[in-house]
Amino acid sequence: MLFIIARKSSRQKTADKNNRRQTYERKRKNESAVQETENKSESAQQPEKTFTQSELDAAIAKERENIPSADELKAFNDWKEAQKTEQEKTVEKIKLAQEAQTAAEKKASDLEAKFTAVSKGVKPEAVDDVIALAKNKVTDTVTPEQAIDSVIEKYPHFVMSSAKPVTTGTSTPNNSNAADDTLLRRSMGLSAGSEKKGI
């Protein structure tokens, strides 16, 4: 019987401890809520400071006094340049040359891609689109030309349709194109090398 009583008292102690902790936490929450309300009411009572145009102009003028003039900046940059060692100047020149080389290489590769696209029959208004799509496909194993080919294959509407030569309206045996003849024969089911037969 004594053992059970002792156990109840330890349970009661634990419950009392939890109750005191919860009461303390509620009290802290209430105090912080009251303090927030007081802070809000104090800030609501204090009107915001407004400035006139002349006060703003005076503040801007005061800040501009701390900004160096163009002549002072030029003098500072000249002084800073004079403080550099020959090695620093050489490193800077090399860096500028590398940046220029990178820009030139990029421009050359862009022009080469445009030339490749145009030579493959891409419409002039679609060249940039084809190149943009092809750039995403270029890897170590896929060349820009292969990438352009795959874009053209996937999006054939970027390619110009075969242009027919302008004629005067009369048909002569000399104004036909061998490639057109071959294409026409294939579409008719004839072999490309068969001779013309009279009708």
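The values are calculated or read from the model by the stated rules, or taken from the named source; none is laboratory data. Please read these numbers as outputs of a predicted model, since none were measured by experiment. FYI the Cβ positions are ideal-geometry reconstructions off the backbone, even for glycines, and counts take in every protein chain you see.
Filtering K106, K74, K29, K114 for residues that are over 29 Å from the mean Cα position of the chain (by Cα), assigned to a helix (DSSP H, G or I) and modelled with pLDDT of 85 or more leaves a single hit, K74. Figure legend. Inter-residue proximity from the range 92-115: first residues closer than 28 Å to I152 by Cβ and without any contact (Cβ under 8 Å) to a residue 40 or more places away in the chain, second residues not polar (S, T, N, Q) and not in a helix (DSSP H, G or I), beta-carbon distance below 8 Å, spacing 6+ or different chains. No pairs are indicated.
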